[in-house]
1. Considering the convex hull of the alpha carbon atoms of the range 193-258, report its projected area averaged over all viewing directions, in nm², one decimal.
2. Based on DSSP H runs of at least 4 residues, each adding -39500 (n - 2.57), what is the mean residue ellipticity at 222 nm of the chain after dividing by all its residues, to the nearest 500 deg cm²/dmol?
3. Any idea what angle helix 198-207 forms with the longest principal axis of the chain, computed on alpha-carbon atoms, 0 to 90 degrees, nearest 10?
4. Can you give me the distance in nm between label points at L124 and E25, each placed 7 Å from the Cα along the Cα-to-Cβ direction?
5. With unit charges on the beta carbons (Lys and Arg positive, Asp and Glu negative) and the dipole taken about the Cα centre of the range 3-309, which residue among P234, L69, I84 sits farthest to the positive side?
6. How far is helix 101-115 tilted, in degrees, relative to the longest principal axis of the Cα atoms in the chain, given as a value from 0 to 90 rounded to the nearest 10?
7. Test of understanding: ordering M262, M296 by Cβ neighbours within 10 Å, fewest first, what list do you get?
8. More than 16 Å apart: what percent of Cα pairs in the range 136-249 qualify?
Amino acid sequence: MDARVLETSLTILIGAILLDFLFGEPRPYIHPSSLIRKIGAVFDPYFRVFRHKVFSGFLYDVFILLLILGTTFIILYFLRLLYIAYIIAAIVVFKGTFSLSRIRDEVNPIVEALETENIDEARLLAGRFVHRDLTKLDAHLISSAVIERIFDDLVNFVVTPFFYFSFLGILGALGSRVIHVLDSSVGQRNRRNFEFGRSTAILHTLINYVPSRIAGILIIAGSSLLDYRVLGGPFKSMRLAADTATVGWPVGAFASSLNLRMERPGTYLMNEGGFLPSAKEIRKAVRQFYLAFYLMIILITIPIMIGLYYIP
């Protein structure tokens with residue numbers, strides 16, 4: 001990597017972060033996730049006609065990845081002739097792969113509803129945030145669901161894109177976002193997608209393997225920096241209690257650090273004897289989210305980029 005490439009990459013990195021904090025998320029109709037989902041929906045029926053659903057699902061993943069990454073590469077390649085236009089386009093594309101300000105904007109109303117004991121409003125807002133039905137849950141289980149989603153988003157929308165951007169550039173970050181969107185579309189364990197979405201779910205697990213562990217380490221480090229650490233249960237047993245590493249590592253790290261009982265009814269139970277989470281712990285989770293982001297940029301993303309600069 002030469003100095004010009006490093007300078008350009010750092011400019012794109014800083015520009016995309018500023019774009020998020022200044023303007024937040026794009027409108028739904030132009031949001032990259034929505035566009036990826038629409039593209040996937042167009043081609044989905046053409047791959048389901050094949051008899052071998054697992055293999056056709058894999059071909060579907062490869063096709064969508066090549067289509068989106070290939071198109072993006074071609075556009076950015078020709079925009080290099082106009083450096084400023086390239087930088088702007090690259091910043092916009094990279095911004096579409098991660099999400100920072102959305103967490104604060106969506107979680108604060110939930111916390112306020114819980115603090116004022118407006119449980120019905122909290123259930124409604126939290127249900128929209130976690131994309132699950134929470135109408136029968138109490139305040140503690142609602143808090144647990146919100147905390148889980150915060151750290152799930154930390155892995156999917158912060159650590160993963162910034163990790164792959166650090167050494168694969170914009171296309172690496174965009175590829176991780178494409179896989180995440182496809183996983184949310186066809187990776188569910190239901191009758192329609194159990195076989196067709198299997199390869200998508202595997203790809204999603206693979207790309208999150210390292211980032212989920214990084215997120216757990218960042219949360220443990222952040223708990224010490226914020227002086228949140230108390231005598232909790234063993235981290236290993238907590239992270240293994242969840243059904244996925246994307247949840248297990250970051251949520252287990254937070255539960256272990258604060259000695260919290262984290263639960264999704266019917267799915268997992270961490271640290272059964274821990275303190276019940278509340279709005280106060282949600283606020284702490286939000287602080288952890290943003291501290292983990294800063295630690296990710298300072299300790300991992302930028303050092304990897306600079307390290308690649310010195311590799312011949």
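Computed from the coordinates by the stated procedures, all read-outs in this text should not be read as laboratory data. Only a predicted model underlies this, so the values are computations on that prediction, with no experimental measurement involved. Neighbour counts are summed over all protein chains in view; Cβ atoms, including those assigned to glycine, are modelled from backbone coordinates with ideal geometry.
1. Values: hull surface 18.5 nm².
Value for the range 193-258: 4.6 nm².
2. Working: 14 runs with 220 residues, N = 312.
Rounded to the nearest 500, it is -23500 deg cm²/dmol.
3. The angle comes out at about 90 degrees.
4. Each label point is offset 7 Å from its Cα along the Cβ direction, giving 1.9 nm.
5. The residue sitting most towards the positive pole is L69.
6. With both axes taken from Cα atoms, the answer is about 10 degrees.
7. Fewest-to-most Cβ neighbours within 10 Å comes out as M296, M262.
8. Numbers: 4281 of 6441 pairs.
For the range 136-249, the share of Cα pairs beyond 16 Å comes to 66 percent.
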